[in-house]
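K.L.:
Take this structure first; my questions come after.
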Amino acid sequence: MKLADVSIRRPVFATMMIMSLIVLGLFSFLMLNVDLYPDVDIPFVVITTVLPGAGPEQIETDVTQIIEDAVNPVEGVDYIQSTSQENVSIVIIAFKLEINGKDAAQDVREKISAIRADLP
């Protein structure tokens, strides 16, 4: 009840106290450093393979499956997405955020160079 009594007896004092709290809150809010868009480097590797004259089914079995099986054991793989179209195979490998993108790309290069002889 003391707060209500002070506000009734001294309205200017109560108004100035509330205004000081509002000004302090606005100043603190404006000085608050919030990063809405942090610098995130999502590591992923895209492997595109071209086999002229091949249909989607042949690309799927002869190229895409071999590449997926080779890169699947690479450490830190989050998911693998592949698309097999006429003459083209696209394999997208996304890694977890903790993985260094350059190291992951190097690991994938090593795996692909190891199976290059198996591809048509």
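K.L.:
For the condition open to solvent by 80 Å² or more (accessible area, probe 1.4 Å), in contact (Cβ under 8 Å) with a residue 12 or more places away in the chain, acidic (Asp, Glu) and under 25 Å from Pro56 (Cα atoms), what is the one hit in Glu75, Glu86?
P.N.:
Numbers: Glu75 fails: under 25 Å from Pro56 (Cα atoms).
Every option except Glu86 fails the conditions.
Residue by residue, here is whether (1) closer than 16 Å to Ile90 by Cβ; (2) of a type in the set (D, E, K, R) holds:
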| residue | (1), (2) |
| --- | --- |
| Met17 | no, no |
| Phe27 | no, no |
| Pro38 | no, no |
| Thr48 | yes, no |
| Pro56 | yes, no |
| Glu75 | no, yes |
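K.L.:
Moving to a separate point now. Considering only residues of the range 1-40 that are aromatic (Phe, Trp, Tyr) and exposed (fewer than 10 other Cβ atoms within 10 Å of the Cβ), which is modelled with the lowest pLDDT?
P.N.:
Tyr37
K.L.:
Could I ask something else about it? Looking only at the range 41-57, which residues are surrounded by 11 or more Cβ atoms within 10 Å (Cβ to Cβ) and over 32 Å from the mean Cα position of the chain (by Cα)?
P.N.:
Passing the criteria: Ala54, Gly55.
K.L.:
From the set of residues in the range 1-55 that are touching a helix residue (DSSP H, G or I) at 6+ places or on another chain (Cβ under 7 Å) and β-branched (Val, Ile, Thr), which is nearest to Ser84 (Cα to Cα)?
P.N.:
Thr49
K.L.:
Those residues that are within 20 Å of Pro56 (Cβ to Cβ) and exposed (fewer than 15 other Cβ atoms within 10 Å of the Cβ), I need them from the range 89-120; list them, please.
P.N.:
Ile92, Asp118, Leu119, Pro120
K.L.:
Another question, if that's okay. Cβ-Cβ below 6 Å, separation at least six or inter-chain, first residue in the range 10-39 and in a helix (DSSP H, G or I), second at pLDDT below 90 and surrounded by 10 or more Cβ atoms within 10 Å (Cβ to Cβ): which pairs?
P.N.:
Ala14/Ser7
K.L.:
Does Ile59 satisfy being hydrophobic (A, V, I, L, M, F, W, C) and either in contact with a helix residue (DSSP H, G or I) (Cβ under 7 Å, 6 or more places away or on another chain) or over 12 Å from Val45 (Cα atoms) (or both)?
P.N.:
Against the criterion (hydrophobic (A, V, I, L, M, F, W, C) and either in contact with a helix residue (DSSP H, G or I) (Cβ under 7 Å, 6 or more places away or on another chain) or over 12 Å from Val45 (Cα atoms) (or both)), Ile59 qualifies.
The values are calculated or read from the model by the stated rules, or taken from the named source; none is laboratory data. The model shown is predicted, which means the values in this text are computed figures rather than measured ones. Please note: Cβ atoms are built from the backbone with ideal geometry, for glycine as well, and neighbour counts cover all protein chains shown. What goes into the accessible areas is simple: the full protein's heavy atoms, side chains included, and nothing from ligands, DNA or RNA. Shrake-Rupley method; radii C 1.70, N 1.55, O 1.52, S 1.80 Å.
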